[in-house]
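S.K.: Take a look at this one; I'll ask things after.
Here, each number is a calculation from the coordinates, and none is a lab measurement. Here the structure is a predicted model, which means the values were calculated and not measured. Cβ placement follows ideal geometry from the backbone for every residue including glycine, while neighbour counts extend to all protein chains displayed.
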Ligand code: SAM
């Protein structure tokens with residue numbers, strides 16, 4: 001298949017420094033609020049809804065992965081951009097064997113590790129509390145560092161890579177997107193899955209076209225910080241995203257066809273891509289009781305989509321074709 005001729009187009013707004021340190025500082029200084037505080041937040045139900053969506057996707061792809069495994073074989077996961085470990089319980093419920101957690105914000109990685117230690121202590125001390133997987137924790141810019149070189153066992157094969165609400169940071173530049181995809185793909189076994197959630201660039205651009213370079217409501221605000229005259233750059237299409245009490249930092253539009261093309265270069269083939277609204281419709285019945293337990297909104301916010309990528313056995317000819325065209 002052909003490669004878009006504009007794939008090598010980089011932002012007209014490349015900055016020498018990059019935004020990693022701004023993003024890391026933002027997440028490092030974000031206070032960890034307790035449940036009582038979170039309940040008071042105006043986006044409590046919205047956040048729970050997003051969390052429910054993550055649970056459903058993770059469960060779906062963990063089940064598919066377990067189904068293909070023989071009894072007793074291990075299941076290993078990379079949680080890329082793990083944050084403070086919001087998905088640790090999901091991994092424990094999914095009975096995984098080993099988890100690698102990586103994030104650019106070292107304070108978040110420490111908090112993630114502390115949460116993991118708590119889980120481990122509970123599993124030792126409480127009867128009936130399932131044993132916890134083994135884990136390793138890396139503080140690293142996943143768009144710049146080759147994670148494999150930091151793994152305890154660099155020959156380890158992963159079954160699943162998850163990148164939740166974070167992949168869009170790598171669309172700052174082509175090399176960063178490529179490094180992130182390399183990290184997602186290089187240790188994934190053939191047949192393993194890469195799953196993730198990102199903002200819907202089409203929806204954001206639609207709103208920008210209707211409302212101008214700054215738009216939002218009392219809860220969120222988007223401010224474009226790149227030239228919004230079409231065509232927008234494929235990489236480095238930057239906007240500042242503010243979400244009440246949770247996010248306030250630069251993000252980048254992800255041009256989905258470019259993501260699909262780049263992913264193919266690393267042996268990842270698109271399995272499924274859905275917006276939250278249609279995914280919600282698809283899984284609401286099976287996820288109904290969890291939706292209640294998680295106190296999530298029973299409606300969907302139209303702001304994110306879930307690209308789900310699965311790895312197929314390498315197709316060298318295809319990759320070569322791609323590489324020939326792109327060089
Ligand atoms: N995945 C977690 C979750 O779903 O709860 C955290 C999501 S939070 C919205 C985005 C996370 O991406 C932050 O923890 C941030 O530090 C991390 N992040 C942003 N850029 C990164 C990069 N270049 N490398 C690694 N982590 C990054």
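S.K.: Within a 10 angstrom radius of the beta carbon, how do 143, 65, 134 rank from fewest other beta carbons to most? Spell out each step's value before the answer.
M.R.: Details: 143 25, 65 20, 134 14.
Fewest-to-most ranking of 143, 65, 134: 134, 65, 143.
S.K.: Could you check the spin-label model distance between residue 63 and residue 25? Points 7 Å from the Cα along Cα→Cβ, value in nm.
M.R.: Going from the residue 63 label point to the residue 25 one covers 4.5 nm.
S.K.: If you don't mind, another one. Just check the stretch 188-294 against the gyration tensor rule for me: Cα atoms, a ≥ b ≥ c as the square roots of the eigenvalues, rounded for a/c under 1.5, and otherwise prolate or oblate depending on whether a/b exceeds b/c. Display every interim value, and only then the final one.
M.R.: Details: a/c = 2.17, a/b = 1.19, b/c = 1.82.
Because a/c hits 1.5 or more and a/b fails to exceed b/c, the stretch 188-294 counts as oblate.
S.K.: Assign one of three labels to the stretch 193-247, namely rounded, prolate or oblate, based on the Cα gyration tensor with a ≥ b ≥ c the square roots of its eigenvalues; rounded applies when a/c is under 1.5, prolate when it is not and a/b is larger than b/c, and oblate otherwise.
M.R.: It is oblate, given that a/c is not under 1.5 and a/b is not larger than b/c.
S.K.: Further question: With the crude spin-label approximation of a point 7 Å out along Cα→Cβ, what separation in nm comes out for residue 284 versus residue 206?
M.R.: 1.8
S.K.: A further question on this structure: Which of rounded, prolate, oblate describes the stretch 130-222, given a ≥ b ≥ c as roots of the alpha-carbon gyration tensor eigenvalues and a/c under 1.5 marking rounded, otherwise prolate only if a/b is larger than b/c?
M.R.: Numbers: a/c = 2.59, a/b = 2.11, b/c = 1.23.
In terms of gyration-tensor shape, prolate.
S.K.: At what distance in nm do the modelled label points of residue 228 and residue 125 sit from each other, each positioned 7 Å from its Cα along Cα→Cβ?
M.R.: 5.2
S.K.: Arranged by the count of other C-beta atoms within 10 angstrom, fewest first, what order do 80, 294 take?
M.R.: The order, fewest Cβ neighbours first, is 294, 80.
S.K.: Something else: Give the Cα extents of the stretch 62-119 along the principal axes, in whole Å, largest first.
M.R.: 38, 21, 14
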